[in-house]
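This report concerns only the one structure given below.
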Amino acid sequence: MKLSVVTPTFNKRALLERTLAALRAQELPKGTGWEIVVVDDGSTDDTAAWLAAQAAVPGSPQLRVVSPGGNVGRARARNLGARAARGQWIVFIDDDIVAPPGLLAAHLDLLERHPGDGTIGYAVTEPRLVDAPHLHYLDTRGTARLGPGPAPGRYFVTQNAAVPREAFLAVGGFDEAYLGYGFEDMEVAFRLEDRAQVRFHCLPAPVPVHVHHHTLAQLLAKRRECGRGSLRLLAASHPGRLREMSLHHVIDGQGCGRPGPATVLLRAFLDGGGAVLLPRLLARWPEGPGHGPRWRGLYFRLMNLAVLGCYRQGVRDSAV
């Protein structure tokens, strides 16, 4: 079997329905063996009954459901799906992603041209949900900034990416100590790069849509949550990686030396009130056509600082 799509889900039955419909409409070369593995991570809505009915529907691809019996979190749920999968490659797609018909074929083509490697795509916000400048910012992050070619592991996101199953299992899968939001995806990518010599390739097209709306406040709150929990885990296990993600500005890694002058100044600004001021400024930012930000370049730079500021707030909160 070539591909296994692994999708964890929790209480998103309506969105999951769109995700699975799009997956079942994929256009793959004739004879390609593939499957969909959905991990129902303890949903309390009607997800379980709906999935049971869907799994009984004949046709290709096969849909299999993994039920841990309770809510085990994103990392463990994906690991359970990966262990149950039978494909040579695992494609991770989230339960709020709607894939264009050619997405899996594009992953497969790139994977077969680079045996033993992985792929990283991205997703853009469903256009009808774009109602503020920060969503334009989100849609330009990660591999959206890259063209065809190599993609560093720090860009690995489970909404649209693929890995060799054997290598993924060999490095232990996702670190299940990551119980909170964030960084569990790039952390496993670092281990795949360092321990299994897996290299990643950017998949710039086709681009799926992300059917999930975040307000600016919600987006930044998640970054504070990362700073309080998962960022500390990442800094402990991969201190040498902090600089490539600019995270050395907000947290120290063991063996990384003393912070440089630029980091000291930035921390002084963020800790002295900048981390509070920036979100307030960005919340009132003037909009242009399509709810895009005016002075786009400046807005994006300030958003980068605001994100760092929220990580820094979380790190400091967790140290109290």
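The values are calculated or read from the model by the stated rules, or taken from the named source; none is laboratory data. Being a predicted model, the structure only gives us computed values, none of them experimental. As a convention, Cβ positions derive from the backbone with ideal geometry for all residues, glycine included, and neighbour counts pool all protein chains shown.
Below are the figures for this structure:
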read-out	value
Hits in the range 284-320 (condition: under 28 Å from A262 (Cα atoms) and part of a strand (DSSP E or B))	P293
Residue in the range 21-45 that is nearest to A106 (Cα to Cα), counting only those that are buried (at least 21 other Cβ atoms within 10 Å of the Cβ) and within 21 Å of the chain's Cα centre (by Cα)	L23
The one condition in (1) closer than 14 Å to H136 by Cβ; (2) under 24 Å from the mean Cα position of the chain (by Cα); (3) among the basic types (K, R) that R228 fails to fulfil	(1)
Any helices (runs of 4 or more DSSP H) falling wholly within the range 91-178 and containing at least 1 residues that are of a type in the set (S, T, Y) and at pLDDT 95 or above	133-138
Where R258 falls short, out of the listed (1) basic (K, R); (2) over 26 Å from the mean Cα position of the chain (by Cα); (3) surrounded by 14 or more Cβ atoms within 10 Å (Cβ to Cβ)	(3)
Single unsatisfied condition, L231 versus (1) in contact (Cβ under 8 Å) with a residue 40 or more places away in the chain; (2) more than 27 Å from D96 (Cα to Cα); (3) aliphatic (A, V, I, L, M)	(2)
Subset tally (residues that are of a type in the set (A, V, I, L, M) and either out of contact with any strand residue (DSSP E or B) (no Cβ under 9 Å at 6 or more places or on another chain) or farther than 13 Å from T119 by Cα (or both)) for the range 179-206	5
Conditions (1) touching a Ser or Thr at 6+ places or on another chain (Cβ under 9 Å); (2) within 17 Å of G314 (Cα to Cα): number failed by H201	(2)
Filter result for S67 (surrounded by fewer than 22 Cβ atoms within 10 Å (Cβ to Cβ), in contact with a Phe, Trp or Tyr (Cβ under 6 Å, 6 or more places away or on another chain) and either closer than 24 Å to H212 by Cβ or of a type in the set (A, V, I, L, M) (or both))	no
Tabulated pairs, the range 29-41, first within 13 Å of A84 (Cβ to Cβ), second in a loop (DSSP other than H, G, I, E, B), C-beta under 6 angstrom, 6+ apart or interchain	E35/P61; I36/P61; V37/A85; D40/S67
Conditions (1) of a type outside the set (D, E, K, R); (2) assigned to a loop (DSSP other than H, G, I, E, B); (3) touching a Gly at 6+ places or on another chain (Cβ under 7 Å); number of the one not met by Y181	(3)
Number of positions in the range 44-68 that are of a type in the set (S, T, Y), within 18 Å of I97 (Cα to Cα) and not in a helix (DSSP H, G or I)	0
Residue list for the range 215-246, restricted to those being touching a helix residue (DSSP H, G or I) at 6+ places or on another chain (Cβ under 7 Å), aliphatic (A, V, I, L, M) and assigned to a helix (DSSP H, G or I)	L216, L219, L220, L231, L234, M245
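Residues checked against (1) touching a helix residue (DSSP H, G or I) at 6+ places or on another chain (Cβ under 7 Å); (2) closer than 24 Å to A189 by Cβ; (3) in contact (Cβ under 8 Å) with a residue 12 or more places away in the chain:
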residue	(1), (2), (3)
P58	no, no, no
V65	yes, no, yes
G69	no, no, yes
R74	yes, yes, yes
A77	no, yes, yes
G81	no, yes, yes
G87	yes, yes, yes
V91	yes, yes, yes
L103	no, yes, yes
